[in-house]
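Shown next, in structure tokens, is the structure this report addresses.
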Amino acid sequence: MHVEGEIEGNINSSNLISIGKSGFIKGELKADKLLINGKFIGKVEANVVEITNGGILEGDIIIKDLIIEQGGIFEGTSKLKQKVDNEITNRKK
């Protein structure tokens, strides 16, 4: 899915979500990979988050891999997906 406009709400995908330079998403997002050229505000759970030059992510992320190119901006908190999964498993015991 490629976004060039504005979306507000929740997105669930097992594939790539790409935010173009003029794209903006605000909400909660779950995906295999999130590629940010535009702006995202909210919560993300993904295997990979990549913020390109000019991309902005404001919010909380749970990820396996985080890639930030020079000129990309991340403001928020991050947790490793494996640690979160382990915490949930330990709570169930």
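Using a probe radius of 1.4 angstrom, the carbon and sulfur fraction of the accessible surface of the chain is 47%.
Per residue, the chain reaches -4000 deg cm²/dmol at 222 nm when only DSSP H runs of four or more residues are counted, each adding -39500 (n - 2.57). Averaged over residues, the count of other Cβ atoms within 10 Å places the peptides 30-38, 46-54, 13-21, 72-80 in the sequence 30-38, 46-54, 13-21, 72-80, highest first.
What the Cα atoms of the stretch 1-71 give is an Rg and a Dmax of 10.4, 29 Å. Overall, the chain carries a charge dipole of about 460 debye about its Cα centre when +1 sits on the Cβ of Lys and Arg and -1 on the Cβ of Asp and Glu, all other atoms neutral. Only Cα pairs under 8 Å and 6+ residues apart enter the sum, and on that basis the relative contact order of the stretch 1-59 stands at 28 percent.
The values are calculated or read from the model by the stated rules, or taken from the named source; none is laboratory data. Everything numeric in this text was worked out from a predicted model, so none of it was measured. Reconstructed Cβ throughout: ideal geometry from the backbone, glycine too, with neighbour counts over all protein chains shown. SASA here: full protein model, heavy atoms, side chains in, ligands and nucleic acids out. Shrake-Rupley method; radii C 1.70, N 1.55, O 1.52, S 1.80 Å.
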